[in-house]
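Derivation of every value follows stated rules applied to the coordinates shown; laboratory data play no part. Predicted, not measured: the structure shown is a model, and the values here were computed from it. Note: ideal-geometry Cβ built from the backbone for every residue, glycine included; neighbour counts use all protein chains shown.
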Amino acid sequence: MGESIPRTMSLPVLLEPGRIELREVAVPVPGPGELLVRVEVALTCGTDVKTYRRGHPKIPLPAPLGHEFAGTAAAVGEGVTAFAAGEALASVHTAPCGACAFCRRGRENLCAAAMDQMLLGAFAPYLLLPARLVRTNVFPRPAGMSATTAAALEPLACVVHGLTRIPLGEAGTVAILGDGPIALLFLQVLRARSTAPVVLVGRHETRMRVARNLGAARVVTAFEGLAGDGPGQETVREALRDVGAPAGADVVVECVGAPEAWRLAFALTAPGGTALMFGGCPADTRAAFETYRIHYEEVDVRGAFHFTPRDVRKALGLLAAGQVRIEPLVTHRRPLGELRHALDLVMRREAIKVALCPDVSSEHP
Ligand SMILES: [Zn+2]
Ligand SMILES: [Zn+2]
């Protein structure tokens, strides 16, 4: 104990797309099994930006924002024995129920209860972790791991889950569509787990520079190319020929979340290969695929959503081993109060990820 916890704090709440209100709310007191975290770092995520811009099918408004965070235990509820006040933590923001049909089959990522009770509100000084989360998906932060690195546990767990959906062992070549944080995490995990050259297709020079530094064999700009048969597709095919894949990539990972990108991912997949559709599109989006390629060429189309507790533990291991680096993706650091500015930086593609920290003064670059 020893830490003095204020009685109230300001919590940014999204009222409707584009409208954030700062509310003065009581700092929660942890009940049985719960844990109060003092947030050290919260990261912006594509989901926050999407929700801010157009709402989100899984997040009814008004709702607080922010789900990628790391902090220290400020107070623990009755019955919590695994953590002590003052301990540095790593956590995600959902936990499966453990009892439904999906959970019993080891597909906890599809558990409806996990989504219904997701924890939001990490862009605030304190965050209350519910009991189920504390039991399942909260960990002591490994020694030497920075809060910024630990805060990326959730997106990395999603990427680790995506990896379980592709036959990576058989892949001679991989292509990634997109240059956002998820694409850059996939790049690093693929480089750690496979010797296959990775071709990354993006649009933004600053992000593609990071991709080069993180080991992409080829980085291709495709401005229009992320639309199915736009002029960019030929450029991507050329890059694939350069790395010895004239028939396409054995694995294509789509990290854009737009139907044009889904179609391009399908088109660039080699016979016998797998297209992993990682980027979620707005509800009711449709995409059509040639039956010929799925039947005669055995092109597999797979999706990946969220993560299981196994994926979370694997992701924590990758971060602890330094096999995935988060610092190159965190281009800006701002005080918590500048959330709107941080989201703007990401929307303008000036930032890859912004770290919002209670302790950073606004003069920090
Ligand atoms: Zn996220
Ligand atoms: Zn369940």
May I ask for the angle, rounded to the nearest 10°, between helix 181-193 and the longest principal axis of the chain, with both axes built from Cα atoms and the value confined to 0 to 90°? 70 degrees
Using the crude model of +1 on Lys and Arg Cβ and -1 on Asp and Glu Cβ, and no other charge, please compute the dipole size for the stretch 166-303 relative to its Cα centre, in debye to 20. 480 debye
How far apart, in nm, are the 7 Å Cα→Cβ label points at Ala84 and Met115? 4.0 nm
Report, to the nearest 10°, how far helix 309-320 tilts away from the longest principal axis of the Cα atoms in the chain, using its own Cα long axis and a range of 0 to 90°. 90 degrees
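Hey, what number do you get for the chain at 222 nm if only DSSP H runs of n ≥ 4 count, each worth -39500 (n - 2.57), divided across all residues, to the nearest 500?
After summing the helix terms and dividing by residue count, I get -8000 deg cm²/dmol.
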Net charge around Ala157, counting only other residues with Cβ within less than 13 Å of its Cβ (Lys, Arg = +1; Asp, Glu = -1)? -1
Normalised by the residues of the chain, what does the relative contact order come to in percent, with Cα pairs under 8 Å and at least six apart? 17 percent
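Give me the percent of DSSP beta bridges within the chain that run antiparallel, rounded to the nearest 5.
55 percent
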Sites matching chymotrypsin sites (Phe, Trp or Tyr not before Pro) across the stretch 259-338 that sit in DSSP coil, with at most 12 neighbouring C-beta atoms within 10 Å: Tyr296
Within the stretch 71-85, the residues whose backbone N lies under 14 Å from a label point placed 7 Å from the Cα of Arg135 along the Cα-to-Cβ direction are 79-82
Applying the Karplus parametrisation 6.51 cos²θ - 1.76 cosθ + 1.60 with θ = phi - 60° to the phi angles of the stretch 96-103, what ³J(HN,Hα) value in whole Hz is obtained for each residue in order, glycine and proline being reported as x? x, 6, x, 10, 6, 4, 5, 4
Sum up the charges of everything whose Cβ sits under 11 Å from the Cβ of Val49, counting Lys and Arg as +1 and Asp and Glu as -1, but leave Val49 out. +4
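With +1 on the Cβ of every Lys and Arg and -1 on the Cβ of every Asp and Glu, and nothing else charged, how large is the dipole of the chain about its Cα centre, in debye rounded to the nearest 20?
Charge dipole, the chain, about its Cα centre: 320 debye, nearest 20.
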What are the residues whose amide H is under 5 Å from the amide H of Arg23, where those residues sit 5 or more places off or on another chain and H is modelled from the backbone? Leu11, Val13
Per residue of the stretch 253-261, in order, report the coupling 6.51 cos²θ - 1.76 cosθ + 1.60 (Karplus, θ = phi - 60°) as ³J(HN,Hα) in whole Hz, putting x for Gly and Pro. 10, 8, 10, 10, x, 9, x, 4, 6
Please determine, in degrees from 0 to 90 and to the nearest 10, the orientation of helix 232-242 with respect to the longest principal axis defined by the Cα atoms of the chain, where the helix direction is its Cα long axis. 80 degrees
Go through Pro142, Leu185, Leu329 and say which Cα lies farthest out towards the positive end of the charge dipole of the chain; charges sit on Cβ, +1 for Lys and Arg, -1 for Asp and Glu. Pro142
Considering the chain as a Gaussian network with a 10 Å cut-off on Cα pairs, which listed residue, Glu154, Glu78, Glu68, attains the greatest mean-square fluctuation? Glu78
If amide H atoms are modeled at 1.01 Å from N in the peptide plane, then the residues at a separation of 5 or more from Leu35, or on another chain, having amide H under 5 Å from its own are Gly77, Leu129
Partner lysines whose C-alpha sits under 25 Å from that of Lys50, ignoring same-chain residues fewer than 8 away, are Lys58, Lys353
Roughly speaking, what is the centre-to-centre gap between the stretch 172-198 and the stretch 1-77 when only Cα atoms are used, to the nearest Å? 31 Å
Just grab the label-to-label distance for Arg310 and Glu16, each label 7 Å out from Cα along the Cβ direction, in nm (one decimal). 4.5 nm
Around Gly303, which amide H atoms from residues at least 5 apart in sequence, or from another chain, sit under 5 Å from its own amide H, with H modelled in the peptide plane? Met277
Spin-label model distance (nm) - Phe289 vs Arg105, 7 Å beyond Cα toward Cβ: 1.9 nm
